[in-house]
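Right, one structure below, let's go through it.
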Amino acid sequence: MLFDSHAHIDDAKFDDDRAQVLSGLRRSGVGLMINAASDIRSSLESMRLAETYDNVYFAAGIHPQEADKASERDFAELERILEHPKCVAIGEIGLDYHYDEPAREVQRAVFYRQLKLSAAKSMPVVIHDRDAHAECLQAVKDTGARGVFHCFSGSAQTAAELVDLGFYISFSGVITFKNAKRAVEAAKAVPMDRILIETDSPYLAPEPFRGRRNEPKYVEYVARKLAEVKGVSFEDISSETFSNALRLFGIDSASL
Ligand SMILES: [Zn+2]
């Protein structure tokens with residue numbers, strides 16, 4: 001069984017077949033999945049999905065692209081949602097300097113606030129880092145927060161530094177793309193006991209589905225590519241990434 005450590009099945013692209021996708025997870029080889037939120041509304045929707053489906057857990061948090069809309073009420077609501085038994089992380093949170101919108105200082109303030117919350121609650125974070133590698137690294141050093149860098153796009157050197165700090169590194173369908181040299185090099189630098197796999201559905205469908213809507217079942221293609229990169233079997237990468245995710249998110253395997 002595979003663990004899709006990051007997907008957005010609350011996204012409107014699943015409005016027509018959400019129940020089918022989620023109730024079919026096990027049949028398609030996905031044992032567990034984390035639904036990652038981007039704001040309070042999607043945190044609540046993720047919570048509802050986790051309450052409906054046994055094998056769905058969730059992360060609640062405010063994405064950097066939503067940082068300018070976050071109110072004090074949202075932060076109070078977030079703290080309440082984090083108490084939910086199936087909420088296993090704060091995320092996704094981070095910095096996205098690709099579009100420079102919202103303003104960097106707004107993104108930074110919301111990111112730091114949630115990093116501090118995670119440190120205070122000893123809850124892992126799910127970090128979105130786009131074109132902000134140095135600053136994200138500094139932020140986790142400053143706050144002592146720990147967790148996973150999702151859809152990792154940094155260098156092998158940054159990956160190694162994050163692993164030394166205690167972080168997990170998650171790879172997505174990007175690793176299957178023809179020009180994915182950087183992601184492949186980073187994957188080589190991460191020890192087996194720190195790797196996670198994800199789809200980031202509905203985005204980033206792996207080859208041979210690139211450009212189409214992504215689904216949790218395609219996490220298999222990420223695992224296959226990663227097995228090739230690490231020189232291990234598909235079974236080994238599946239079981240290692242599964243137990244890594246259980247460990248990081250504090251999910252008791254006896255409860256499965
Ligand atoms: Zn995401």
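The values are calculated or read from the model by the stated rules, or taken from the named source; none is laboratory data. The structure displayed is predicted, hence computed values, not measured ones. Cβ placement follows ideal geometry from the backbone for every residue including glycine, while neighbour counts extend to all protein chains displayed. For the accessible areas, the whole protein counts, side chains as well, though only heavy atoms, and no ligand, DNA or RNA atoms are used. Shrake-Rupley method; radii C 1.70, N 1.55, O 1.52, S 1.80 Å.
May I ask you to list the residues in region 228-256 that are over 26 Å from Tyr53 (Cα atoms) and either surrounded by fewer than 17 Cβ atoms within 10 Å (Cβ to Cβ) or among the basic types (Lys, Arg) (or both)? Write out each step before concluding.
First, the residues of region 228-256 that are over 26 Å from Tyr53 (Cα atoms): 228-234, 236.
Result: Glu228, Lys230, Gly231, Val232, Ser233, Phe234, Asp236.
Yes/no per residue for (1) crowded, with 23+ Cβ neighbours inside 10 Å; (2) of a type in the set (S, T, N, Q); (3) not in a helix (DSSP H, G or I):
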position	(1), (2), (3)
Gln20	no, yes, no
Arg27	no, no, no
Met33	yes, no, yes
Glu45	no, no, no
Asp68	no, no, no
Phe75	no, no, no
Glu79	no, no, no
His98	no, no, yes
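So which pairs qualify, if the first residue must be in region 26-45 and within 27 Å of Leu95 (Cα to Cα), the second must be open to solvent by 40 Å² or more (accessible area, probe 1.4 Å) and within 13 Å of the ligand (Cβ to nearest atom), the Cβ gap must be under 8 Å, and the two must be at least 6 apart or on different chains?
Note: pairs meeting the criteria are Ser38/Gln65; Ser38/Glu66; Asp39/Glu66.
Mind checking which residues of region 124-165 are open to solvent by less than 30 Å² (accessible area, probe 1.4 Å) and in a loop (DSSP other than H, G, I, E, B)?
Pro124, Ala132, Ala145, His150, Cys151, Phe152, Gly154, listed by residue number.
All but one of (1) assigned to a loop (DSSP other than H, G, I, E, B); (2) away from the ligand (no atom under 16 Å from the Cβ); (3) closer than 28 Å to Ala119 by Cα hold for Asn179, so report the exception by its number.
Tallying (1) assigned to a loop (DSSP other than H, G, I, E, B); (2) away from the ligand (no atom under 16 Å from the Cβ); (3) closer than 28 Å to Ala119 by Cα, Asn179 fails exactly one: (3).
Just one of Ser153, Ser201, Ser170 is of a type in the set (Ser, Thr, Tyr) and farther than 30 Å from Ala19 by Cβ; which is it?
Ser153
Could you run through region 181-201 and say how many residues are open to solvent by less than 10 Å² (accessible area, probe 1.4 Å) and within 18 Å of Gly29 (Cα to Cα)?
The number of residues fulfilling the criteria is 5.
Does region 100-110 contain at least one residue that is under 28 Å from Tyr218 (Cβ atoms), more than 16 Å from the ligand (Cβ to nearest atom) and open to solvent by less than 20 Å² (accessible area, probe 1.4 Å)?
no
Could you say which residue among Val219, Val174 is assigned to a helix (DSSP H, G or I), open to solvent by less than 70 Å² (accessible area, probe 1.4 Å) and more than 24 Å from Lys86 (Cα to Cα)?
Values: Val219 fails: more than 24 Å from Lys86 (Cα to Cα).
Unique residue meeting the criteria: Val174.
May I ask you to list the residues in region 1-18 that are without any contact (Cβ under 8 Å) to a residue 40 or more places away in the chain, away from the ligand (no atom under 14 Å from the Cβ) and part of a loop (DSSP other than H, G, I, E, B)? Break it down into steps so the answer makes sense when it comes.
Going through region 1-18, the residues without any contact (Cβ under 8 Å) to a residue 40 or more places away in the chain turn out to be 10, 12, 15-18.
Within this subset, residues satisfying the condition of being away from the ligand (no atom under 14 Å from the Cβ) are 12, 15-18.
Selection gives Asp15, Asp16, Asp17.
For region 201-244, give me each residue that is in contact with a Gly (Cβ under 9 Å, 6 or more places away or on another chain), free of Cβ contacts under 8 Å to residues at least 40 places away in the same chain and more than 16 Å from the ligand (Cβ to nearest atom).
Glu207, Phe209, Arg210
Is it fair to say Tyr57 is hydroxyl-bearing (Ser, Thr, Tyr), surrounded by 24 or more Cβ atoms within 10 Å (Cβ to Cβ) and away from the ligand (no atom under 14 Å from the Cβ)?
So Tyr57 fits the description; yes.
What is the one condition in (1) buried (at least 24 other Cβ atoms within 10 Å of the Cβ); (2) not in a helix (DSSP H, G or I) that Phe209 does not satisfy?
Status for Phe209: all satisfied but (1).
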